[in-house]
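What follows is a short report on a single structure.
The values are calculated or read from the model by the stated rules, or taken from the named source; none is laboratory data. Bear in mind the structure is a predicted one, so any value in this text is a computation, not a measurement. Don't worry about glycine lacking a Cβ; one is built from the backbone with ideal geometry, like all the others, and counts go over all protein chains shown.
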Amino acid sequence: MIGIIGYGRFGKLAARYLADDYDVLICSRRKLILDGDNKRIRTADMVDVCRQKIVVPAVPISVFRDTLKQMAPLLEPDSLVIDVCSVKVNPVKWMTELLPQTVPILATHPMFGPDSAANSLEGMKIALCKVRIADKLFAKIKSYLSSKGLTVIDTTPENHDRQIAVSLALTHFIGRSLSNFGAKELEIDTEGYKRLLHILGVVEHDTWQLFVDMTHYNPFAEKVREEFLQAMQKIHTQLKA
């Protein structure tokens, strides 16, 4: 049985896919109304969720530390904690500091969401960072994820955050900027402009809190953003000249 803390957009998606193979217990700060009538997904309190062999805190990064503090005294000695945060350096630091030494830890970033993986996980990517987990268990989890059609990427928290500062945080920054600009469908358009609107559509489905968290808690995001703005300003200056 797997316990999930949080039932936001990703928590719901994770519960739906995991219920194909496991019973899933859900708890949340908010009043819970489960999607669908899957008998393998049930609600529980924090205590019962943290007693499971695998516990997945699927909460915003802004409340992740506080959630770990609540979990720590409730976890079984050998419960595996798997995070799903979109940044890795800080969550890994907090998990190793706040969770009991006996608790195995696996840091992950599922690089898909309710929109991109609505119908299938086939071809989606997930990044894994070994933190405190036995090789045998790590290999078993990798095999399970691969069997679901996922492309599994072994990486380190720092390497993950350096790359995701460009591929995710910068993409969302551009998408949010297009939204503020007022970009919309035009009768006279181009394929390039349609691709820009696709970026806009992707990021507008995610919450503002997710955008803030992925930039604020990624130690490399601000530098990437500043370098991008400098590059834009340079081109703008060249055009004016």
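Checking Asp154 against (1) modelled with pLDDT of 95 or more; (2) within 15 Å of the chain's Cα centre (by Cα), only one condition comes out false. Which one?
The number of the failed condition is (2).
Taking Lys140 as the residue in question, decide whether it is surrounded by 10 or more Cβ atoms within 10 Å (Cβ to Cβ), over 20 Å from the mean Cα position of the chain (by Cα) and within 18 Å of Thr108 (Cα to Cα). Explain how you work it out, then say what you get.
Details: surrounded by 10 or more Cβ atoms within 10 Å (Cβ to Cβ): yes; over 20 Å from the mean Cα position of the chain (by Cα): yes; within 18 Å of Thr108 (Cα to Cα): yes.
Here the answer is yes, as Lys140 does meet what is asked.
Any residue that is of a type in the set (A, V, I, L, M) and touching an Asp or Glu at 6+ places or on another chain (Cβ under 7 Å) - is there at least one of those in the stretch 37-46? So that I can check it myself, show each step before the final result.
Of the stretch 37-46, the ones of a type in the set (A, V, I, L, M) are 41, 44, 46.
Adding the requirement that they be touching an Asp or Glu at 6+ places or on another chain (Cβ under 7 Å) leaves none.
No, there is no match, as no residue in the stretch 37-46 is of a type in the set (A, V, I, L, M) and touching an Asp or Glu at 6+ places or on another chain (Cβ under 7 Å).
Working only within the stretch 208-225, note down all residues that are without any contact (Cβ under 8 Å) to a residue 40 or more places away in the chain and either among the acidic types (Asp, Glu) or surrounded by 19 or more Cβ atoms within 10 Å (Cβ to Cβ) (or both).
The one that is without any contact (Cβ under 8 Å) to a residue 40 or more places away in the chain and either among the acidic types (Asp, Glu) or surrounded by 19 or more Cβ atoms within 10 Å (Cβ to Cβ) (or both): Glu222.
Residues of the stretch 160-210 being farther than 16 Å from His109 by Cα, outside any loop (DSSP other than H, G, I, E, B) and among the hydroxyl-bearing types (Ser, Thr, Tyr), which ones?
Scanning the stretch 160-210 gives Thr171, Ser177, Ser179, Tyr193.
When only residues in the stretch 1-39 that are aromatic (Phe, Trp, Tyr) and under 20 Å from Val63 (Cβ atoms) count, which is nearest to the chain's Cα centre (by Cα)?
Going residue by residue through the stretch 1-39, those that are aromatic (Phe, Trp, Tyr) are 7, 10, 17, 22.
Retained after the next criterion (residues that are under 20 Å from Val63 (Cβ atoms)): 7, 10.
Numbers: Tyr7: 13, Phe10: 8 Å.
Filtering the stretch 1-39 for residues that are aromatic (Phe, Trp, Tyr) and under 20 Å from Val63 (Cβ atoms), the one nearest to the chain's Cα centre (by Cα) comes out as Phe10.
Here is a check on your reading of the model: is Asp78 outside the structural domain of Asp213 (by TED's automatic domain parsing), buried (at least 18 other Cβ atoms within 10 Å of the Cβ) and among the acidic types (Asp, Glu)? Give the steps one after another, and end with the answer.
Values: outside the structural domain of Asp213 (by TED's automatic domain parsing): yes; buried (at least 18 other Cβ atoms within 10 Å of the Cβ): no; among the acidic types (Asp, Glu): yes.
It is false that Asp78 is outside the structural domain of Asp213 (by TED's automatic domain parsing), buried (at least 18 other Cβ atoms within 10 Å of the Cβ) and among the acidic types (Asp, Glu).
Is it the case, given these coordinates, that Val56 is without any contact (Cβ under 8 Å) to a residue 40 or more places away in the chain and under 25 Å from Asn218 (Cβ atoms)? Before you say what the answer is, go through the steps one by one.
Numbers: without any contact (Cβ under 8 Å) to a residue 40 or more places away in the chain: no; under 25 Å from Asn218 (Cβ atoms): yes.
Taking the combined requirement at face value, the residue does not satisfy it.
Among the residues of the stretch 8-39, write down those that are at pLDDT 95 or above, closer than 19 Å to Ala117 by Cβ, of a type outside the set (Gly, Ala, Ser) and not in a helix (DSSP H, G or I).
Within the stretch 8-39, Asp20, Asp21, Tyr22, Val24, Ile26 meet the criteria.
Can you name every residue in the stretch 119-129 that is without any contact (Cβ under 8 Å) to a residue 40 or more places away in the chain and either loosely packed, with under 15 Cβ neighbours inside 10 Å or in contact with a Pro (Cβ under 9 Å, 6 or more places away or on another chain) (or both)?
Going through the stretch 119-129, the residues without any contact (Cβ under 8 Å) to a residue 40 or more places away in the chain turn out to be 119-120, 122-128.
Answer for the stretch 119-129, where residues must be without any contact (Cβ under 8 Å) to a residue 40 or more places away in the chain and either loosely packed, with under 15 Cβ neighbours inside 10 Å or in contact with a Pro (Cβ under 9 Å, 6 or more places away or on another chain) (or both): Asn119, Ser120, Glu122, Gly123, Met124, Lys125, Ile126, Ala127.
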